[in-house]
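Notes for the one structure printed next.
Readers should treat all values here as calculations from the given coordinates under stated rules, not as data from a laboratory. All of these numbers come straight from a predicted model, not from anything done at the bench. So basically every Cβ, Gly included, is an ideal-geometry build from the backbone, and we count neighbours across all protein chains shown.
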Amino acid sequence: MSLKPPGALLALTDGPRALADMACLGLAAPLLRKLPKARKPHSVMVIPGFLGDDRGNGPLIRFLRDLGYTTTGWQQGRNLGPGSFSADSLRSTVENLLARGDGKVSLVGHSLGGIYAREIARMEPDIVHQVITLGSPFGKGHATASHPSRLYRRLNPQNDPRDIEELLSIPPPVPTTAIYTRGDGVVNWRTSRQEGNYGHVHNIEVLGSHIGLNLNAAVWYWVAKKLAQI
C-alpha cells in the first residue's frame, strides 16, 4: 500500500497554522484548567516527535501536572530517531514514573513519539495504562506518506524492527487513542488513525496542524478526558 505525503499547500502552511493553534490554546486555557483533576496517583510520560524535545512539550507537561498527574518528558534530548537515545536510559525514566505512581504509566506521543509509545506498550503492556498518539504515522503506507521520511532514513540508515509496517499498524493490547487532523501538513492523516475494528481503540479527529498538535486546545481536552478515565 502506497500513500502520498500531504499536498504542498498543507505542507507550506502547517507552521503558520501551528501558531494559530497556539493562539486558540491561549484563549481556551481558562476553560481547560477547569477539567477534572486526577483522582488517584497517575504517572504520564510525554514523548516528542521527530526533531522535537521535551521543551516543545513543556506546556502540555505543565498542564497535566496542574491537573494532578505526575508528568515528565522522555528525558532523552532531541528525538532524531531510534539511534539518538538509549533504550536503557528511557527504561530508567519509565521505571522512575512507575515508582512515583500506581505501578503503571500512561504514554502520550506526538508523531514519531506516538510510535515509540505504541511499541513500549506492545512490549510491556503490564506497565502501561493507555497510549495516546498525536498525529503518529503508524498506519499502512506510512513509509511514503510523510515529508520528513527521507531525512529520517538518512539519520537512521539501519533497519529498525519498528519499521515493519504490518506490526506498526496493529494496536498495542492496551486502551489506545489515536488523535489526528485532516489538516496535517507533515504526514498523511490516513496513517494516523487506526484501521480495523478494535474495541480498545478510539480514533479522534480534531482541527489543526501537525506541528501544533501538542499545543492544540482540542487535543489537550481529549488527553485530559482520556487520562481521567483511568
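Within region 115-155, the proportion of Cα pairs with more than 15 Å between them is 52 percent.
Since only V223, S209, A117 are under comparison, the one whose Cα sits farthest along the positive direction of the charge dipole of region 106-230, derived from C-beta charges on Lys, Arg, Asp and Glu, is S209. Using the Stokes-Einstein relation with a Kirkwood hydrodynamic radius computed over Cα pairs, the translational diffusion coefficient of region 7-112 at 37 °C and a viscosity of 0.692 mPa s comes to 214 µm²/s. The GNM of the chain, with springs linking C-alpha atoms under 10 angstrom apart, assigns the highest mean-square fluctuation among G103, G135, G196 to G196. Measuring spread by the Cα atoms of region 8-228 yields a radius of gyration and Dmax of 16.1, 46 Å.
Kirkwood analysis of region 1-61, using all unique Cα-Cα pairs, places the hydrodynamic radius at 15.0 Å. Estimated purely from DSSP H runs of n ≥ 4, each contributing -39500 (n - 2.57), the mean residue ellipticity at 222 nm for the chain is -11000 deg cm²/dmol once divided by its residues.
By the gyration tensor of its Cα atoms, with a ≥ b ≥ c the square roots of the eigenvalues, what is the shape of region 167-230: rounded for a/c under 1.5, prolate for a/b over b/c, or oblate? Oblate shape, in that a/c is at least 1.5 and b/c is the bigger or equal ratio.
Converting phi to 3J(HN,Hα) with the Karplus coefficients 6.51, -1.76 and 1.60 and the offset θ = phi - 60°, region 64-74 yields 5, 5, 5, 7, x, 8, 6, 10, 9, x, 7 Hz in sequence order, with x at every glycine or proline.
Legend: residue pairs K34/K104; K4/K225; K104/K225; K40/K140, Cα-Cα distance threshold 27 Å; pairs beyond threshold, K4/K225; K40/K140. Which percent, to the nearest 5, of DSSP beta bridges fully inside region 104-230 are antiparallel? Roughly 5 percent of the DSSP beta bridges within region 104-230 come out antiparallel.
DSSP bridge analysis restricted to the chain gives an antiparallel fraction near 5%, rounded to the nearest 5. Here the calculated FRET efficiency for S84 and E166, from their Cβ-Cβ distance with R0 = 25 Å, stands at 0.50, rounded to the nearest 0.05.
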